[in-house]
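The block underneath contains the structure these notes are about, expressed in structure tokens.
The values are calculated or read from the model by the stated rules, or taken from the named source; none is laboratory data. It should be emphasised that the depicted structure is a prediction, and the values quoted were computed from it without experimental measurement. We place every Cβ from the backbone using ideal geometry, glycine too, and count neighbours over all the protein chains shown.
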Amino acid sequence: MELGDKIESLKGIGDKTAALYHRAGVFSLWELLMYIPRDYMRYPEVKRAGELRPGALEAVCLTISAEPTLYHARSMAVLNAVGSDGTGSVRLTWFNMPYLKKNLRPGLKRVFLGKAAARGESLVLEHPKTFKEEEYEKLKGKPESIYPLVKGLTQNSVRKALNTILKEVGEIEDYLEADTLERLGIMPLDRAIRTVHEPENAGVLIAAKKRLAFDEFLRFMLSVRKLKEKNYSVKNGYKLMECAEAGRLMDSLPFKLTGAQLKAYRDCLSDMEGERAMMRLIQGDVGSGKTVVALLCLITAAANGYQGAMMAPTEVLASQHQQKISKLLKGAGLKIRSVLLTGSMTEKEKREARELISSGEAGIVIGTHALIQDKVEYKNLALVVTDEQHRFGVNQRESLAGKASGAPSSSKASVTGEPSEEVMSTNWEAGDGDEALRLPHVLVMSATPIPRTLAIILYGDLDITVMDEKPEERQPIKNALVDIRYRKKAYDFIRDQVKEGHQGYIICPAIEASEMIEMENVLDYSEKLKGYYGDEIRLGILHGKLKAEEKDRVMGEFAAGNIDVLVSTTVVEVGVDVPNATVMLIEDAQRFGLAQLHQLRGRIGRGDAQSYCIFVNTQDSDKDNERLRILKETNDGFKIASEDLKLRGPGDMFGIRQSGELGFKIADIYNDADMLELAAGFASSLKDSEAGRLSREFNEKYTNEKVTL
Ligand code: ADP
Ligand code: MG
């Protein structure tokens, strides 16, 4: 068994199942091993009946006290039983599981595990799972893996497949030597992989995840290093001079550029005129006005007789950019033409767009990753802007460069589809580039407030401009931090906002109910709201398991005002601009990192009207409240990120990853900041030849890819 083998080579995985895994970004056995749980379920301590808290997942040991009853309500079979211990009694309810009745004889003593709810005076466990006492004791200490899924894939099938590999693979060889591991104080790879899938306890789990985070950071840094070397040898093949057209655009804007915007534009200009090709990251908080800066650069490329392209992570964002940009170009009386190219356009529209691109008529091209697909030929591409994607698209740049110079595009594009919230396909390798290629200038724009020290570690010497100034005074968002008792008030408040003609977002951390993790989820929540609002409010649903077209359709409807309230996971985080949305309610706010909450909040407060953000801390713990209070105190993303780093500290692995959009699958730049530093130190201690050998070994051992350095 080779870890680089296709998953189809595994017993029990046929073409159909393989296709599901492919959708989840898993193609090889190694990728399946790296398909790590998104969360772990821990079995709670067994409590007494008198101690149960409504709303919590609880385990209680009860004796069934009377014959259970079964009745039918609408199309549902409802089974009720009562169990008690010395301290009280609890009702047990199951829906559509009538066959359980015969096992629940009076006198039966079992541990029941389920979500507790208050129903009038009495407490109910809904849909409890039943265990023998000894059985439960064994389970208790051991966290159970919960995998991210795509439709059709089940927890059990993932667990089974992983079991098979782990049994058959033998010891997984480490690409790092034993003494290196010891020096760095990290866990051997074999142990780490086995532990993340089947942890013996929470303590080793943290160490195991740290090890895998280390590897991910290390590989990233080795590839940046390679890129850097290459970048030095990349002469500026497209010297772009400052142009009058950009000035005309500035003059036509209804506002003056901020100092930060001007500086960012100047930085880019001096890069594009300079000796080396531009490779710059502009980091600016949400709403700092990055789009205009990008536009000025794109105009510069076009006015110099070349083309500039801007890639956005979603179709919604791309078409939003196109609308705004073509309007601005027109408003300034410029003759530069911008075209849109996205995956969901009709074949005819796409063909027309491609023609405008290949003839050079389009000076500015805006689109999703469809831009890098094979059929697109550029006339003269000199600049690539990537919006809201926080990883340098190394391969993208090269495949675009390939198009620009007519050379074959590099073998493997890094992004094969829309990034999903759970699985990002990433690709480490810069590919074996041809030094003779003329690489276009690259500008990456990100709103992720990475503290500068981390940015330097992550991106090495790549140039960074920080835009730390916001345009004019907008009305600051009003924030409320509440517990679940406030929900009803919040729903009414949202209804009032809608009545005034505004829109709102409700954010839940999960898509659908998972067996036993206590988190609000989009599907159940929207049902609940439907019951509450009736026809008064038009609800929409958005989450990562929807097809890309469906996501875009929903976002489009929301932007057009045909949906009043959007119940969504964090997929709305990315760059969406619906200025009419004035209220956001975030459920389970304590499960998110502050940086992510800040990004989410950035979706409102974009228009003239006063906006409101309501954070619901469903646990209402003091520690979380203290952390969340920072969001009330400041609107400064950079400050929030650094405070968060201090307060959360490393090792908070049960929270939701907050830097997922950086493209790391396992590592989190905030939670794993310690590994980031460790990997950075290790990477810089390596000689070039050693770094190359490590990359090669990694690829040979785990991915079957032949990489030449
Ligand atoms: P982001 O940095 O989040 O991408 P955008 O570029 O979308 O921000 O800009 C947010 C809003 O601010 C847009 O509506 C834009 O027109 C406006 N804007 C940009 N620059 C300025 C400025 N200097 N003064 C006032 N408004 C501005
Ligand atoms: Mg933006």
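Of all residues in the stretch 274-311, count the ones that are of a type in the set (S, T, N, Q) and within 29 Å of residue 605 (Cα to Cα).
Qualifying residue count, the stretch 274-311: 3.
Is at least one residue of the stretch 629-638 modelled with pLDDT under 85 and within 16 Å of ligand 2 (Cβ to nearest atom)?
The answer is yes; a qualifying residue exists.
When the residues of the stretch 179-215 are narrowed to those that are part of a loop (DSSP other than H, G, I, E, B) and not hydrophobic (A, V, I, L, M, F, W, C), which ends up modelled with the lowest pLDDT?
201
Please go through the stretch 233-272 and give me each residue that is without any contact (Cβ under 8 Å) to a residue 24 or more places away in the chain and either assigned to a loop (DSSP other than H, G, I, E, B) or within 16 Å of ligand 2 (Cβ to nearest atom) (or both), ordered by number.
Passing the criteria: 254, 256.
For the stretch 307-335, give me each residue that is assigned to a loop (DSSP other than H, G, I, E, B) and buried (at least 22 other Cβ atoms within 10 Å of the Cβ).
If the condition is that a residue be assigned to a loop (DSSP other than H, G, I, E, B) and buried (at least 22 other Cβ atoms within 10 Å of the Cβ), then 312, 314 are the ones that fit.
List pairs: first residue in the stretch 488-503 and among the β-branched types (Val, Ile, Thr), second residue surrounded by fewer than 20 Cβ atoms within 10 Å (Cβ to Cβ) anywhere in the structure, Cβ distance under 8 angstrom, at least six positions apart or on different chains.
If the second residue must be surrounded by fewer than 20 Cβ atoms within 10 Å (Cβ to Cβ), the pairs left are 494/537; 498/536; 498/537.
State all residues of the stretch 281-306 that are away from ligand 2 (no atom under 16 Å from the Cβ) and outside any loop (DSSP other than H, G, I, E, B); if no residue qualifies, say none.
Listed by number, the residues that qualify are 299, 300, 301, 302, 303.
Tell me, which residue of the stretch 92-107 that is among the aliphatic types (A, V, I, L, M) and outside any loop (DSSP other than H, G, I, E, B) is surrounded by the fewest Cβ atoms within 10 Å (Cβ to Cβ)?
Going through the qualifying residues, I end up with 100.
Can you pull out every residue in the stretch 534-575 that is within 16 Å of ligand 1 (Cβ to nearest atom) and closer than 23 Å to residue 346 by Cα?
Scanning the stretch 534-575 gives 555, 559.
Pick out the one residue from 310, 221 that is away from ligand 2 (no atom under 16 Å from the Cβ) and either over 30 Å from residue 145 (Cβ atoms) or not assigned by TED's automatic domain parsing to the domain that holds residue 378 (or both).
Just one listed residue meets the conditions, 221.
Please work out which one of (1) touching a Phe, Trp or Tyr at 6+ places or on another chain (Cβ under 7 Å); (2) over 25 Å from residue 489 (Cβ atoms) is the condition residue 578 fails and give its number.
Evaluating residue 578 over (1) touching a Phe, Trp or Tyr at 6+ places or on another chain (Cβ under 7 Å); (2) over 25 Å from residue 489 (Cβ atoms) leaves (2) as the failure.
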